[in-house]
1. Taking all protein chains together and a probe of 1.4 Å, list Arg206, Arg426 from the most accessible to the least accessible.
2. Separation between the Thr218 and Glu456 pseudo-spin-labels, each 7 Å from Cα along Cα→Cβ, expressed in nm?
3. Using the crude model of +1 on Lys and Arg Cβ and -1 on Asp and Glu Cβ, and no other charge, please compute the dipole size for the chain relative to its Cα centre, in debye to 20.
4. What is the calculated FRET efficiency for Phe175 to Gln85, with r their C-beta to C-beta distance and R₀ = 35 Å, to the nearest 0.05?
5. What does the C-alpha gyration tensor say about the overall shape of the range 301-359? Classify as rounded when a/c is under 1.5, otherwise prolate if a/b is larger than b/c, or oblate.
6. Which of the GluC sites (Glu not before Pro) found in the range 412-504 are loop residues per DSSP with 16 or fewer other Cβ atoms within 10 Å of their Cβ?
7. In deg cm²/dmol and to the nearest 500, what is the mean residue ellipticity at 222 nm of the chain if only DSSP H runs of at least 4 residues count, each as -39500 (n - 2.57), divided by the residue total?
8. List the relative contact order of the chain as a percent without decimals, with contacts defined as Cα pairs under 8 Å and 6+ residues apart.
Amino acid sequence: MLRYMKKYWIFALLAALFMIGEVAADMIQPKLMAGIVDDGILGLSGNGTPDISLITTVGIRMLLIVLAGGLCGILCAAMTNICGQSYGNEVRKACFSNIMKMSFEQTDSFTTGSLITRVTNDVSQVQRLVMSIVRGLIRSSMFLIAGTFTLLSLNVHFNIVVACAFPLVILDIVFILWKTNPLFGILQKRIDRMNTVIGENISGARVVRAFIQEGTETERFDRANTELVETQMRVLILTSFMRPIMNIILNMAIVALIWIGAIQTKAGGMRPGDVMAAITYISQILNGMMMLAMIFQTFSRGFASGRRINEILHAEPAITDGPGVGETAVKGSVCFRDVSFSYPDNQAEVLHDIDLEIRPGEVFGIIGSTGCGKTSLINLISRLYDATEGTVEVDGVNIREYKLKELRDRVAAVPQKNELFSTTIRENILLGREQANENEIRAAAQAAQAEEFILEQPHGYETPVAEGGTSLSGGQRQRVAIARALLKKGEILILDDSTSALDLVTEAKIYDALDRDYAGITRIIIAQRIASIRNADRIAVMENGSIIACAGHEELLRTCGTYQDIYQSQVKMGGAAE
Ligand code: DCP
Ligand code: MG
């Protein structure tokens, strides 16, 4: 993660330099003050006569130093912020771009909630760490080291106080850090959990309402929230001990200083102003230690977060480019050879020994009961997942040979769960091919039978779509998604149950348009209704992850029992098959 700092180290360096200026100003003040008290007020160097002019000159000097210190402070804060924020920005960008490269199996295993926490909250923690290193580490160690030397230079007998106070403070800090450290990892996990619950409930709000689950879901949220608050409280309670204990030690140290100071002054070894300065120094020293403790705490929290961010940054994409294929002689063929597949997080095999050859330009139907593996099968074509065994070929070449872009350019798919984004209808269709011109967009929308309803929208193609497409009906969403896929003009068009929300007439119009304007493109149509695929050149019937028959409609009616059953049930349901 350090490499993201490369561009900004100069700001860190400047911040450190300005910080040295700020602390130096703070540290000179007590010394000057001691001079004012001893010589200006008490007149110890001038036989007891107060020296007013000294008070004025030293006072002005103190004022100038304060101003310079303040200026350094402002510049230091500005540099720290530039450095911290820019660093955070870089890390967030890198995380996001890595998440985009992840395969579904990887995003599934991280969980969406956790990915969001990592990109937001965890990055902020690391950002805080960087800022506190730049600012706090220098400030506190200067207070600590320079403060101790100056204190001892005032009177060496103060070493007794230092020797007693330091171990006590260190003990206090170490104990609390030791107790709080393990809690930080847990804390981030609790935030993950809460983000997951919130995310699920917001995106699934309709289901929650429809099934009157608000109560249960609120309880689930409460549980996640309570767990988070409990962990946070434990951290806070533990940390809240640190300052009071420190204050007690500080006050005892001050009493001891005054006591030693009084004895020394009486013996003539020290002046009262120096005792005053010593009190300020010991406060600065112990505060420096306290700050150091806080930094250590930021360290452990930042490191816990850093580890989580690194998991994202170092996650190798599970599905990567092949060497590249270029032009192929064949266009539009798909071939599965002995393909078996199981989902990474699930041992059960979803597809078994699939052998299938889909020819260029063929219209190929797939039908089968729900959960039999249709979506899983076609997801293998564009490498959304990789087959566990066997090979998949597109245009006669193993798909692992292609660069991912090359492969995915050839395949245009309308996924079963069509995702629309919260931009305009036009932008949603344009996702198919960004460079497409107006005529092409309209042609695609017309073929998808979408233009009619689009033009009825208040702003036509420019009408904004709500997040997830909820401002459109199910059938409208499907048609926008089909238009998007048609615009892409791949060699292989996959429609995964993409017309399920359309009436048969609209569906037939889409198919006519495809026959007319998109002839030659291989079409793979997954459908629940026989009517959607009966005109296909061939239809594969799937059952429990296997293809049990593959032929034309008429032949399947004669030879395949399962197909006959589906046909009969749909005829009974209202003649949908005709
Ligand atoms: N499955 C899984 N993990 C996933 C997706 C699916 O374990 N991320 C399982 C659930 C099913 C099997 O894989 O048992 C096949 O799922 P498909 O989505 O491939 O099934 P279909 O597309 O055939 O079903 P439907 O008609 O409902 O879309
Ligand atoms: Mg499916």
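The values are calculated or read from the model by the stated rules, or taken from the named source; none is laboratory data. Remember, predicted model here, so these are calculated numbers, not experimental data. When we count neighbours, we look across all protein chains shown, and the Cβ atoms used for this are built from the backbone with ideal geometry, even at glycine. Surface accessibility is based on the protein's heavy atoms, side chains included, excluding ligands, DNA and RNA. Shrake-Rupley method; radii C 1.70, N 1.55, O 1.52, S 1.80 Å.
1. Largest accessible area first, the list is Arg206, Arg426.
2. Between Thr218 and Glu456, the label points sit 3.9 nm apart.
3. It comes to approximately 2300 debye.
4. Working from the Cβ atoms, E equals 0.55.
5. Oblate, because a/c is 1.5 or more while a/b does not exceed b/c.
6. Glu419, Glu434
7. Roughly -20500 deg cm²/dmol at 222 nm, from the helical runs in the chain.
8. 14 percent
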